[in-house]
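A.B. asks: Okay, here's the structure, questions in a sec.
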Amino acid sequence: MQISDLQISQVNNQILSLIKAKSFYGKKLEEAGISGITTPEDFNQLPFSEKNDLREAYPLGLMTAPEEDIVRIHSSSGTTGLPVIIPYTAKDIDDWAIMFARCYETAGITNTDRIQITPGYGLWTAGIGFQSGAEKLGAMVIPMGPGNTDKQLQMMMDMKSTVICATSSYALLLAEEIEKRGIKDKICLKKGVIGSERWGEKMRQRISSELGIELYDIYGLTEVYGPGIGINCKYDTGMHYWDDYIYIEIIDPVTLKPVPDGELGEIVITTLVKEGAPLIRYRTHDLSRIIPGTCPCGSKFPRLDIIMGRTDDMIKIKGVNVFPSQVEEILKEFPEVSSEYQIRISHLDGRDTMRLYVETNGTVDFLALSRRIAEKVKSRIGFTPLVKVVELGLLPRSEKKSKRVFDERYE
Ligand code: ZN
């Protein structure tokens, strides 16, 4: 997507406040000798920013507005090293709620819906983002937070929740519990809003058919407000994103050059009106593409495809670059396996081996199935994995994001 004149002047304002606040990005600009932009070519010269830059600014180095204007902070999970702290002004909080309410509207959710929120509350942006957007919309919020499946299901029945907000793994767990307990006729859910974790078509169909609901993918990350910067509409042709608040470009993660619309690459986000912590050309490491053309719904907002993985998920096995999403694509062609899988890579006797764990039920010949899957991976990707077929339900499900790839070569 070519950046518009309006967006350029908005980016320029973000740059001026970053320079004034002497933030890390202000220093990057100084080093690059840039004090402002007026053309798309100028924009392309702007340096990228990375999660590491944000970590180094810990604790409050990203604060770009005066302290008296900051009303809240959020933090992204710090699984490696320092967490990232994002300061918000009252306007940032309100803008985020407006975007999130727009997400609900795009999914056809209204102020007569009852929205049960299962993502976590606290330092991270999940729960409270879902809640502020729902309140902005005027819907009734049932703020459960994660876990306690008994209570979740009880409230879902008693409050007659019509919308469930969850990660895909937790939505699947709830769907399985509802089936197991035989309470489907007491459940009033119509729609599910599912966090941006990458998830396969198969898992989606399973949740959708077991719960009998429509599913919507919501996109976002703490560094850029939080969830709520994009969602698919009922035509399900990709996620509309709010280009009056953010500018998205897709780049080749190796050459760092923008790729044409329609081509797969890394999502890079620039905030347009953020005050507390503006970000310029922030590399998300999420893989997707811009979908060209207009959506049948008539929305003027551009579209991103679903997230296909992470640039750092790319694994090199026997000299071949592999994305877990490729394996997932292949598994979709086997109706007898479930949507859960695990990839484990190890190094044995000087050779890389990949073990692929899949689940099926007792009506299938495990050996024959593993042979057929191995052959398909060999013909599509170029090497033969060891396929282990296990009993349905044996692979772990979690309330948070499921880890599916384990590289044991460097442990
Ligand atoms: Zn649409």
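A.B. asks: Going 7 Å from the Cα of GLU336 toward and past its Cβ, which residues in the stretch 365-385 have a backbone nitrogen under 20 Å from where you end up?
C.D. replies: Taking a point 7 Å out along Cα→Cβ of GLU336, the residues of the stretch 365-385 whose backbone N falls under 20 Å are 365-380, 385.
A.B. asks: Sticking with this one: Rank-order 96-106, 208-218, 116-126 by packing density, defined as the average count of other C-beta atoms within 10 Å over each peptide's residues, highest first.
C.D. replies: 96-106, 116-126, 208-218
A.B. asks: Straight distance only, please: which lysines reach the Cα of LYS378 with their own Cα at less than 24 Å, same-chain residues fewer than 8 apart left out?
C.D. replies: LYS202, LYS316, LYS318, LYS332, LYS388, LYS403
A.B. asks: Another question, then. Based on the Cα atoms of the chain, what semi-axes does the equivalent ellipsoid have, where each is the square root of 5 times one gyration tensor eigenvalue, given in whole Å with the largest first?
C.D. replies: Working through the eigenvalues yields semi-axes of 36, 28, 19 Å.
A.B. asks: If I take every Cα pair under 8 Å that is 6 or more residues apart in the chain, average their sequence separation and divide by the length, what percent do I get for the relative contact order?
C.D. replies: Numbers: 826 pairs, mean separation 55.4, N = 411.
Relative CO of the chain lands at 13 percent.
A.B. asks: Related question: Could you grab the relative contact order for the stretch 297-411? Cα pairs under 8 Å, six or more apart, rounded to a whole percent.
C.D. replies: So the answer I get is 26 percent.
A.B. asks: Provide Rg and Dmax in Å for the stretch 106-159, with only Cα atoms included in the calculation.
C.D. replies: Rg, Dmax (Cα atoms, Å): 11.3, 31.
A.B. asks: Find, among the trypsin sites (Lys or Arg not before Pro) in the stretch 12-44, those assigned to loop by DSSP (not H, G, I, E, B) with at most 15 other beta-carbon atoms within 10 angstrom.
C.D. replies: Those satisfying the criteria are LYS22.
A.B. asks: Taking the simple approach of a point 7 Å from Cα along Cα-to-Cβ for both LEU367 and LYS190, what is their distance in nm?
C.D. replies: Taking the simple label geometry, LEU367 and LYS190 are separated by 5.3 nm.
A.B. asks: With a ≥ b ≥ c taken as the square roots of the eigenvalues of the C-alpha gyration tensor of the stretch 190-287, please select rounded if a/c is under 1.5 and otherwise prolate if a/b is larger than b/c or oblate if it is not?
C.D. replies: Note, shape of the stretch 190-287 comes out prolate.
A.B. asks: Which of the lysines could a cross-linker span from LYS274 if the Cα-Cα distance has to be under 26 Å and same-chain partners fewer than 8 positions apart are dropped?
C.D. replies: Answer for LYS274, where 26 Å is the Cα cut-off: LYS20, LYS22, LYS27, LYS28, LYS51, LYS91, LYS136, LYS257, LYS300, listed by chain and number.
A.B. asks: Right, something else. Identify the GluC sites (Glu not before Pro) of the stretch 264-362 meeting these criteria: DSSP loop state and at most 16 other C-beta atoms within 10 Å of the C-beta.
C.D. replies: Of the GluC sites (Glu not before Pro), the ones in loops of the stretch 264-362 whose Cβ has at most 16 other Cβ atoms within 10 Å are GLU333, GLU336.
A.B. asks: While we're on this one: What is the packing order of peptides 158-164, 345-351, 35-41, taking the mean over residues of other C-beta atoms within 10 Å and listing the highest first?
C.D. replies: Peptide ranking by packing, descending: 158-164, 35-41, 345-351.
A.B. asks: Still on this model: What trypsin sites (Lys or Arg not before Pro) does the stretch 214-309 have in DSSP loop regions with at most 12 other beta carbons within 10 Å?
C.D. replies: LYS300
A.B. asks: Among DSSP beta bridges whose residues both lie in the chain, state the antiparallel percentage, nearest 5.
C.D. replies: Bridges in the chain that DSSP calls antiparallel: roughly 60 percent.
A.B. asks: Where the only charges are on Cβ atoms (+1 Lys, Arg; -1 Asp, Glu), what is the dipole of the chain about its Cα centre, to the nearest 20 debye?
C.D. replies: In total the dipole reaches around 900 debye.
A.B. asks: Given the -39500 (n - 2.57) contribution per DSSP H run of 4+ residues, what per-residue ellipticity at 222 nm results for the chain, rounded to the nearest 500 deg cm²/dmol? Numbers along the way, then the final one.
C.D. replies: Numbers: 11 runs with 125 residues, N = 411.
Computed mean residue ellipticity for the chain: -9500 deg cm²/dmol.
A.B. asks: Hey, another quick one. Give the order of THR255, THR270 when sorted by the count of other beta carbons within 10 angstrom, beginning with the fewest.
C.D. replies: Numbers: THR255 9, THR270 23.
With the fewest neighbours first, THR255, THR270 line up as THR255, THR270.
Read-outs: derived from the displayed coordinates by stated rules, not from any lab. Quick caveat, the model's predicted, so the values are computed rather than measured. No Cβ is skipped: glycine too gets one built from the backbone with ideal geometry, and neighbour counts run over all protein chains shown.
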